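The values are calculated or read from the model by the stated rules, or taken from the named source; none is laboratory data. Note that this is a predicted model, so its numbers are computed, not measured. All Cβ positions, glycine included, derive from the backbone under ideal geometry; neighbour counts span all protein chains shown.
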Amino acid sequence: MTVTRFAPSPTGYLHIGGLRTALYSYLWAKKNEGKFLLRIEDTDLKRNSKEAAEAIEAAFKWCNFAHDGAVIYQSKRFDLYKEYVQKLLDEGKAYYCYMSREELDAMREAQQAKKERPRYDGTYRDFTGTPPEGIAPVVRIKAPQNGEKIEFTDGIKGDLSFNVDDMLDDFIIARSDGTPTYNFVVAIDDSLMGLTDVIRGDDHLSNTPKQIVVYNALGLDIPKFYHVPMILNPQGKKLSKRDGATDVMEYKEMGYFPEALLNFLIRLGWSHGDQEIFSMEEMLEHFDPKDVNASASSYNAEKLLWINAQHMKVMPSARIIEDIKHFGMDISKHPKKEVIVDALRERAKTLKEFVEMAKPILEVTQSYDEKAVKKFLNEESIAALQAYHDSFKQATKMLESSEFEAFTKAFMEENDLKLKVLAQPLRIAMVGSAVSPSIYDTMCIIGHEGLGEHIERLLKTFNP
Ligand code: GLU
């Protein structure tokens with residue numbers, strides 16, 4: 001059974017880069033009817049890990065995916081890690097190192113003076129003497145030495161080979177206060193949690209050889225690794241807050257659909273032909289981590305906006321009606337709610353824009369946009385609007401967009417008028433500016449009586 005995981009360090013929010021690796025892990029597990037687990041890497045106890053886990057779960061919930069089983073907190077597993085440290089000590093695969101801070105510093109300086117890579121020199125690797133007094137020892141693992149290689153096949157990057165001389169030494173697995181170190185616990189947890197596939201950012205690639213040393217020393221199974229290249233900003237640097245929001249929940253506040261954000265993220269670094277728009281079902285059907293690009297991808301805010309707009313066009317109206325409540329707009333009881341949604345879904349790229357565009361239609365116009373008035377209201381257009389209003393007062397009550405359209409077109413024809421003369425003045429009357437969706441849909445939403453009142457108000461103001 002495929003088992004994947006998301007293993008964030010507690011930062012208090014879910015980073016969009018994290019959401020992408022979580023998505024990849026989730027999809028790969030679910031596609032294979034496996035499990036997707038959540039582990040909080042909180043060995044640094046200064047952070048509030050419960051809150052961090054809640055933030056992750058809230059973001060998952062918004063994205064409509066969930067992890068399996070209970071959250072695993074590394075901070076609650078110290079006793080277990082200690083057992084493994086002891087096991088390695090007992091088997092002679094790890095040892096106490098009594099080097100003092102000063103000795104370590106002196107060793108490093110001497111290596112640097114000789115232009116060598118700073119590394120632990122193995123002083124206590126085979127030590128059998130009496131330990132120096134007053135030093136609380138660390139525990140170091142015996143790493144392979146002398147030109148050995150650590151090799152593995154990465155699901156994305158292919159065959160990788162690391163020369164231990166270039167990057168490893170007998171690294172610390174337990175600090176002098178007994179707490180275990182990062183790479184040690186990650187390897188133990190990934191193995192004990194039964195992971196088959198570890199999908200994570202390639203900023204962790206240099207940790208993998210160390211973790212493999214731990215797996216091997218403990219005789220644990222090594223999962224398959226997929227190191228996903230980073231998301232960079234358009235300048236090719238690490239994505240930061242300046243490039244756009246990094247907190248997933250900020251995208252909710254900006255009016256994005258979670259479906260669109262996930263669609264955007266899956267495409268950052270993965271493709272399926274030239275398809276751009278994916279539903280969750282399609283992602284599940286097509287995603288395979290082996291198809292993730294081996295090179296970094298670039299964050300593109302315009303693309304996200306475009307993807308969101310595509311999702312808006314096909315989103316069930318009930319969902320839009322529900323989601324705009326978050327932005328303070330409730331149209332669930334409006335008799336023309338479907339017309340509102342369909343008139344605006346073609347124009348609004350985000351839910352926030354949707355609400356901004358809907359507001360002037362749903363609220364009675366309090367003021368008129370000066371520029372629009374200057375540009376479109378003149379003797380000719382006001383006279384035309386007056387005539388339209390006179391004719392409109394005689395008309396039977398209209399309900400549908402098509403009725404408003406038929407009436408208006410007939411009026412134009414009878415009076416030999418072009419829509420150009422009337423369209424913008426009608427918009428100004430209805431929403432206060434020259435910007436609105438289709439005028440007939442706008443009329444329909446405002447309703448027959450409302451439209452009469454709006455035109456009358458404009459005429460009173462500009463043609464008293
Ligand atoms: N805790 C690490 C992070 O937040 C991830 C470790 C891993 O995926 O192995 O970057």
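Points to keep in mind about this one:
- Of residues in segment 1-27 being assigned to a strand (DSSP E or B) and within 10 Å of the ligand (Cβ to nearest atom), the one farthest from the chain's Cα centre (by Cα): Arg5
- All conditions in (1) outside any strand (DSSP E or B); (2) over 16 Å from Gln211 (Cβ atoms); (3) not aromatic (Phe, Trp, Tyr) hold for Ile188, with the sole exception of (2).
- Residues located in segment 201-222, provided they are of a type outside the set (Val, Ile, Thr), within 14 Å of the ligand (Cβ to nearest atom) and surrounded by fewer than 22 Cβ atoms within 10 Å (Cβ to Cβ): Gly201, Asp202, Asp203, His204, Leu205, Ser206, Asn207, Tyr215
- Failed item, numbered, when Phe36 is tested on (1) aromatic (Phe, Trp, Tyr); (2) away from the ligand (no atom under 16 Å from the Cβ); (3) outside any loop (DSSP other than H, G, I, E, B): (2)
- Residue list for segment 158-200, filter: within 25 Å of the chain's Cα centre (by Cα) and either surrounded by fewer than 18 Cβ atoms within 10 Å (Cβ to Cβ) or not acidic (Asp, Glu) (or both): Val186, Leu195, Thr196, Val198, Ile199, Arg200
- Set Ser402, Ser367, Ser332, Ser391: member being among the polar types (S, T, N, Q) and within 15 Å of Gly447 (Cβ to Cβ): Ser402
- Of all residues in segment 388-404, those satisfying the criterion of being assigned to a helix (DSSP H, G or I) and either under 22 Å from Ser436 (Cα atoms) or in contact with a strand residue (DSSP E or B) (Cβ under 7 Å, 6 or more places away or on another chain) (or both) are Tyr388, His389, Phe392, Ser401, Ser402, Glu403, Phe404.
- Filtered by the rule that a residue be in contact (Cβ under 8 Å) with a residue 24 or more places away in the chain, surrounded by fewer than 19 Cβ atoms within 10 Å (Cβ to Cβ) and in a strand (DSSP E or B), segment 135-152 gives a lone residue, Phe152.
- Residues that are within 21 Å of Met230 (Cα to Cα), modelled with pLDDT of 95 or more, in a helix (DSSP H, G or I) and of a type outside the set (D, E, K, R) within segment 279-304 comprise Met283, Pro289, Leu304, listed in sequence order.
- So Asn64, is it more than 12 Å from the ligand (Cβ to nearest atom), in contact (Cβ under 8 Å) with a residue 12 or more places away in the chain, more than 22 Å from Thr181 (Cα to Cα) and of a type in the set (S, T, N, Q): yes
- Scanning segment 53-103 for residues that are modelled with pLDDT of 95 or more, in a helix (DSSP H, G or I) and touching a strand residue (DSSP E or B) at 6+ places or on another chain (Cβ under 6 Å) turns up Tyr81, Val85, Leu88.
- Any chance Ile212 is farther than 14 Å from Arg39 by Cβ and modelled with pLDDT of 95 or more: yes
- Lys50 basic (Lys, Arg), at pLDDT below 95 and more than 16 Å from the ligand (Cβ to nearest atom): yes
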